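Everything on this sheet refers to the single structure shown next.
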Amino acid sequence: MVTDGGNKVIHRKARASREEYQARAMSPAKALRLALAQASDTQFDLPMVVTTVEQIEISQTALRLEFSDGGLLVLLDGPKGARGAVRLDDAMLSALIEVQTTGRVTGRPQGGRAVTRTDAAIAAPLIDATLERAGAQLCEETPDHWAVGYRFGVMMEDARGISLALSAAAFHVFRMTVELGEGAFPASIVFLLPVPVAPPPQAAGPGEDKVQRTLEQSAMNAPVCLDAVLARVTVQLTQLCGLAPGDVLPFQMDRPLQIRLETSQKHVVALGRLGQMNGMRAVRLTPGGDNAGSPTRSSRTPETHSVGATPIDDAADVPVLDVHPDPAPNLRTEEHADYEAQ
């Protein structure tokens with residue numbers, strides 16, 4: 001119970017701190033809310049109180065539903081060819097017309113008349129002033145904010161036309177309900193701004209090849225299987241088929257405890273010496289180009305494999321520290337043996 005109470009106190013403090021920060025921070029929704037009320041008072045001397053602000057994100061396919069309620073539809077021109085939109089409902093548009101013609105808001109509906117270019121020209125100062133003020137407030141905290149730089153573009157006739165003109169994949173939608181005039185008549189306005197696209201990855205510098213770099217990474221991460229070979233023996237097929245646990249296969253080694261690391265195609269990639277370390281089998285790689293201390297070659301034709309340009313019999317016989325070789329010259333069949341059947 002003490003822990004739960006402590007957690008509740010911590011959560012309340014964290015929530016209070018978060019709310020305080022959000023109250024101080026300038027978000028696009030807050031900037032548009034303040035700018036709309038200020039622009040209405042400055043441009044039209046129209047008292048406006050923004051009662052609610054709803055911010056959501058929609059995809060391009062949901063745009064027509066957003067404009068289905070009609071009203072004044074305006075396309076916004078943004079930076080670098082970006083496009084947004086604004087929708088004023090009939091109550092908002094009627095209030096702007098009334099305050100321009102009679103100086104007061106009555107709240108009477110338009111009576112279903114079609115929206116004209118004149119209506120768009122009347123609403124244009126409010127839209128531009130709101131976007132400009134909101135952009136200035138956002139730039140005070142975040143220069144080059146994604147919601148900055150939009151202005152009145154052109155009036156659109158219907159929802160289909162404005163939906164086709166908006167090409168961004170997703171949009172931030174700011175739905176605001178307001179109260180206009182002394183009578184607090186309800187109205188609404190909606191701003192749609194495109195969701196910023198993440199910047200593309202930086203181009204490769206001079207001399208860099210993205211395809212080659214990808215192939216190099218894939219090759220370096222590919223698994224490689226190496227076989228440790230002490231010697232090879234040749235036995236008859238009948239003898240091979242008759243082998244049983246406990247049988248011994250004798251073999252001769254050109255050099256005691258010398259071992260070869262080979263790929264699946266019997267290509268020698270490294271030389272080493274076999275021994276033990278900490279009670280386990282161990283292999284120490286030996287330099288391939290050091291011939292100091294090499295023993296005399298055997299009289300028979302040696303078996304040679306290339307390690308770079310160094311034959312097997314020319315490899316260095318380097319002592320292995322902390323390695324104790326197994327004195328047994330033979331290899332029992334229950335252990336791993338590398339052999340060739342003939």
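The values are calculated or read from the model by the stated rules, or taken from the named source; none is laboratory data. Here the structure is a predicted model, which is why all the values come from computation and not from measurement. Note that each Cβ is placed from the backbone with ideal geometry, even for glycine, and that neighbours are counted across all protein chains shown. With ligands, DNA and RNA removed, areas are computed over all heavy atoms of the protein, side chains included. Shrake-Rupley method; radii C 1.70, N 1.55, O 1.52, S 1.80 Å.
The table that follows gives values for the structure above.
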quantity	calculated
Subset of the stretch 167-177 [farther than 12 Å from A82 by Cα and open to solvent by 70 Å² or more (accessible area, probe 1.4 Å)]	R175
Lone qualifier among L180, L192 - being open to solvent by less than 40 Å² (accessible area, probe 1.4 Å), closer than 30 Å to K80 by Cβ and at pLDDT 75 or above	L192
Subset of the stretch 221-277 (residues that are open to solvent by less than 60 Å² (accessible area, probe 1.4 Å), modelled with pLDDT of 80 or more, within 28 Å of P287 (Cβ to Cβ) and not aliphatic (A, V, I, L, M))	R232, Q258, R260, E262, T263, G272, R273, G275
Yes/no for Q212 being modelled with pLDDT under 85, of a type outside the set (F, W, Y) and open to solvent by 40 Å² or more (accessible area, probe 1.4 Å)	yes
